[in-house]
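Everything on this sheet refers to the single structure shown next.
FYI, it's all coordinate maths here, none of it is from the lab. Keep in mind it's a predicted model, so treat the numbers as computed, not measured. Positions of Cβ are backbone-derived with ideal geometry, glycine not excepted, and every protein chain shown enters the neighbour counts.
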């Protein structure tokens, strides 16, 4: 088996690059003195998480209870479900915990805390803290933080700690901004933990994380664990942010040329938005990579090209500079193969039922992944 | 089972609306004197295609060979694979044909025609015609059209006809533009067929289609069949185009409220881009519906709200007019349920492994769908 015989489109994972990315993050977290709890929502793949654990990761983070169930069935028993839980999901969470899973959930309201208390003991609970205004969580200096803590603790729930996700870091424009964002994430989450402790409440865990901040933090004093997901594959958004290098991009989509429009200089491939996703995460960044950056079958960048358009099963590749190159049919004949690098690895990976894993130039294995809820 | 006990997020299909959409399109095609060959890439669901067939559809259109295999296994044996075929996929296509499937493929180059000829007889072949410049196909007045026809015919391949897809119709701004676009699609494809016939080549089939043009065409003289996909569910893009009405939108995503950000007037739900997709097809249309329009659990529009942001498993709902409504937690308490209407049904449906089918206010059935290649 080699990449010239794989059916296209397919998701290629470069095993050496992924191993490098795993080691890089683990080494960094070890040096900063924190545990790494990888977010498995990126790959949704047991084989990937096993490699993260073998490298030193402790526990995993999930974005759905289906992920929790799938990974628990595969032997991962320390799981943080990092999306605020709704009352209707508590029975499913409790069932998982009753089977032996050390499952923690998160809340960001007194209402949710009361629902967790009412569901009975067993689940760990973290309070989500909003450190950058981008999504969920309570402000670290809010009265609500303490009210949630008291609701949980007095109700008999296990108040594990606080957590935050600095997703706003994706909007940073340079290294200095990233370093400052990481420090903001750290300091605000640590401050929230301290306020809980000052109120006489337990808060052993201080959990922060996003790939950009994890790879930019200068120190993580007061933090006990970091969560990050996309680092395992990296992608064009991370490349633009400066937290990944070209030779760290481990996920690509292998596509075949299905035609040309010579008068426009277009190359049509069999990877459209169904394969790449509709993610346009680089649109507002320094370099807009359209629906994906183009490499040859061996993974060498073809810097003059970009995926400019995507229909369901058609990708349109054209010159980045808008010029019309007339030799596209000679350079990329019908049936030739290209790799397309995704803007956002989580979104692109989610379009595929499995990864074709490459080692060097060989297709070495197939790793299943799952989707759905 | 009712929609208040379904696990969220899930894809809801309103069975009555879908049946109406199927009947509407079939009635229209019957009146215009053409066959309807639905594009099953939208739903990728046997139960849906069975209803289209029962209503009068003849044959199906697919976007991948996996769809061809899945639908053939379910008893659909007249299939058009409507993405230009690459040489490496011919063996798989031939194997399907050898098992009894009446499978047609499409080409838009002499190179592809030669590859089909070299693969041996049995597959039907249509030539893709470019009638709007948006994607693939040969120009109807090009020498290449005739060269492809001669390559196929003289090589012993079965030249079934010509086909086109006026995907550019999605960019129309009013009814008059749609009517004109439909006529352009028709007339250019018919002209290509006539040129083949004038050159002494067979061209029994003239296949056109897209949902907007199918629902806008005043006459289809010279056309033998129409392909359309998204009409079965309809969506916000079609609503903006004026070819669907609100009470025809059959697909929605059922979501649960997981939190609020009161100072911003945000409602957070458990349907993010993993559920909705990243499709922003209404962005450049008359009404930008963000990541989706918001309805209550019964499907009544909440016109003041829209999904303004999407993370992987978080959707952010807020006021359309940018105002901060302070009563969001009272209106939509934790755990309450909302339906989100998608911009593009094909993209949103693709995120789910199954549909929860509703009839009236009851959840009546679960229909599997498939993904991948």
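Worth pointing out:
- Its residue count N sets the reference 2.2 N^0.38 Å, and the alpha-carbon radius of gyration of the stretch A:64-112 equals 1.09 times that reference.
- Inter-label distance for residue B:50 and residue A:368, nm, one decimal - labels placed 7 Å from Cα along Cα-to-Cβ: 2.6 nm
- Each peptide in A:162-172, B:137-147, B:108-118 gets a packing score, the mean of other Cβ atoms within 10 Å over its residues, and the list from highest to lowest is A:162-172, B:108-118, B:137-147.
- Put in order of Cβ neighbour count within 10 Å, fewest first, the listed residues A:273, B:266, B:301 become B:301, B:266, A:273.
- Sorted shortest first, the distances from the residue B:288 label point to those of the same residue in the other copies are 1.4 nm; each point sits 7 Å from Cα along Cα-to-Cβ.
- In this simple spin-label approximation, residue B:221 and residue A:245 carry label points 7 Å from Cα along the Cα→Cβ vector, and these lie 6.7 nm apart.
- Taking every C-alpha pair closer than 8 Å and separated by at least 6 residues, the mean separation divided by the residue count of chain B gives a relative contact order of 20 percent.
- Relative contact order for the stretch B:261-373, counting Cα pairs under 8 Å that sit 6 or more residues apart, in percent: 29 percent
- For the rotational copies A and B, the chain A residue with its Cβ nearest the relating axis, together with that separation in Å, is A:278, 2.
- Shown for residue A:91: label points 7 Å from Cα along the beta-carbon vector, and their distances to the equivalent points in the other copies, 5.0 nm in ascending order.
- Between copies, the label points at residue A:221 (set 7 angstrom from Cα along Cα-to-Cβ) are spaced 8.4 nm, reported in nanometres from shortest to longest.
- As a rough footprinting exposure proxy, the listed residues A:128, B:16, B:248 were ranked by other beta carbons within 10 Å of their own, and the order from fewest upward is B:16, B:248, A:128.
- Axis of helix B:15-32 versus longest Cα principal axis of chain B: the two differ by about 30°, to the nearest ten degrees.
- Separation between Cα centres of the stretch B:278-326 and the stretch A:126-205, rounded to whole Å: 28 Å
- Taking Cα atoms only, the orientation of helix B:175-198 departs from the longest principal axis of chain B by about 20 degrees.
- Pairwise FRET efficiency - residue B:110 versus residue A:73, Cβ, R0 = 41 Å, nearest 0.05: 0.20
- Helical contribution to [θ] at 222 nm, DSSP H n ≥ 4, -39,500 (n - 2.57), averaged over chain B, rounded to 500: -8500 deg cm²/dmol
- Applying 1/(1 + (r/R0)^6) with r as the Cβ-Cβ distance of residue B:98 and residue A:32 and R0 = 41 angstrom yields a FRET efficiency of 0.10.
- Pairwise FRET efficiency - residue A:177 versus residue B:331, Cβ, R0 = 35 Å, nearest 0.05: 0.45
- Equivalent-ellipsoid semi-axes of the protein assembly as shown, from the Cα gyration tensor, Å, largest first: 47, 29, 22
- In summary, the stretch B:246-368 shows an alpha-carbon radius of gyration equal to 1.00 times the 2.2 N^0.38 Å reference for compact globular proteins.
- Crossing angle, helix B:143-154 versus chain B [Cα axis fit, 0-90 degrees, rounded to tens]: 70 degrees
- Relative contact order %, the stretch A:256-302, counting alpha carbon pairs below 8 Å whose residues are six or more apart: 21 percent
- Of the two radii for chain A, the radius of gyration is 1.02 times the Kirkwood radius, both from the alpha carbons; that is the Rg over Rh value.
- DSSP beta bridges confined to the stretch A:246-368 are antiparallel in about 95 percent of cases.
- Taking the number of Cβ atoms within 10 Å of each Cβ as an exposure proxy, the fewest-first ranking of A:89, A:245, B:66 is A:245, B:66, A:89.
- Pair residue B:91, residue B:199: separation of 7 Å Cα→Cβ label points (nm): 3.1 nm
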